[in-house]
Amino acid sequence: MGTNEGKQLKYFQLMEDLKAKILTGEIQAGDKLPSENELSAQYKISRQTVRKALSMLQNAGYIYAEHGRGTFCSEMMRHVQPSKNIAVVTTYLSDYIFPRVIQGIDDVLTGAGYSIILKNTKNSRTREAECLQDLLNKGVDGAIIEPSKSQIFCRHMNLYEQLEKLHIPYVFIQGCFPKMSDKPHVLMNDCLGGYMITKYLIDRGHKDIVGVFKADDMQGQNRHKGYVKALQEAGMLYDPDKVVWFHTEDRRIHPYETIRSMVAEKKSMDAVVCYNDQTAQQVIRALQEEGLRIPEDISVTGYDNSSLANREGLRLTTIDHPQEKLVTNPYEKNNL
């Protein structure tokens, strides 16, 4: 056996031995590896041979080196062994339709032997990035993500790219960033929903229909498209002054204040199409405080068929949201 061939076998043997220890969990993510001198003595090979083996492991992503500290097992190795954990990242957790959506997810995952790690972003892009970064440092086998402000350009694409690099599958629900529309997602047909609810009002003789929509997510944009389509189909003029746009940060006050102002200014309206049931509740409160009766004087519709739709004796006409059924197969691309 030649000298060069012997060296090749020695560095290859060391590389495979260390890789096996990493893959079996003997060496875990974040663990410090023995020094070059220690490995050289242990395997009775030169430091140059040790350095070559470590270089190959580093290039393959198994380890990384920190100047002055040593060589460590890569965080990527946290995801080598199945954890049976799935991350669920939603904009909110405890109110509106979210508990039922999460319950549906939990039922599916529990039935398949998985546990869920719940996180919420409060519809903040910064918090979403923090959640994703945290997941990259944890052992998860996949992620179900409701993107925050899905209509706005995503500035943390690199974190999704890291998920893919680590072979962690993810699926979007209830929204999808425009530049990531090719990724697996489960969405409602919000354009059709917006069309149906507007047409419902038109078919009942309403002529002056105000629309209240959320500007910073995909659902709001698509529900608005459906509203416009229904008006155009009926030969009714689209009036941008009869559309109220709001954002996450002003969702609790802007629809309420704007509708009150429109009534006070005596703007013509006989119905209001709302982004969701929460928005409808604010609109109804604003109209009632201006002395109008619902639905005798003005009709109001919602979206999502939440518990709010039948609160306090008011039966709100709304679009049904599948809620628990939204994620029946979390890795199947779907359009409800």
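Summary of computed values
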| read-out | value |
| --- | --- |
| Value of relative contact order over the chain, rounded to a whole percent, pairs C-alpha under 8 Å and six or more apart | 15 |
| Model label zone, Gln28; criterion: amide N under 20 Å from point 7 Å along Cα-to-beta-carbon; scope the range 121-145 | 134-142 |
| At 1.002 mPa s and 20 °C, Stokes diffusion of the range 73-207 via Kirkwood alpha-carbon radius, µm² per second | 131 |
| Å³ per residue enclosed by the Cα convex hull of the range 239-321 | 97 |
| Cα centroid separation - the range 15-40 against the range 143-187, whole Å | 34 |
| Overall dimensions of the range 30-105 as given by Cα atoms, namely Rg and Dmax in Å | 20.9, 65 |
| Computed FRET value (nearest 0.05) for Gln133 with Thr110, which takes r as the C-beta separation and R₀ as 22 Å | 0.25 |
| Positive-end extreme of charge dipole, the chain - chosen from Met15, Gln42, Gln162 (charges on Cβ) | Gln42 |
| Kirkwood hydrodynamic radius over Cα pairs of the chain, then Stokes diffusion coefficient at 4 °C and 1.567 mPa s, in µm²/s | 56 |
| Cα pair count fraction exceeding 18 Å, expressed as % - the range 127-178 | 23 |
| Dipole magnitude of the chain, debye to nearest 20 (Cβ charges: Lys/Arg +1, Asp/Glu -1, about Cα centre) | 900 |
| Calculated diffusion of the range 147-298, Stokes-Einstein form, Kirkwood radius summed over Cα pairs, 4 °C and 1.567 mPa s, µm²/s | 77 |
| Computed over the range 86-215: relative contact order in percent, which uses C-alpha pairs under 8 Å that are six or more apart | 22 |
| Dipole of the chain [Lys/Arg +1, Asp/Glu -1 at C-beta], most positive-end residue of His224, Ser261, His185 | His185 |
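Computed from the coordinates by the stated procedures, all read-outs in this text should not be read as laboratory data. Since the structure is predicted, the reported quantities are computational estimates derived from the model, not experimental observations. Counting neighbours? That spans all protein chains shown, and the Cβs are built from the backbone with ideal geometry, glycine included.
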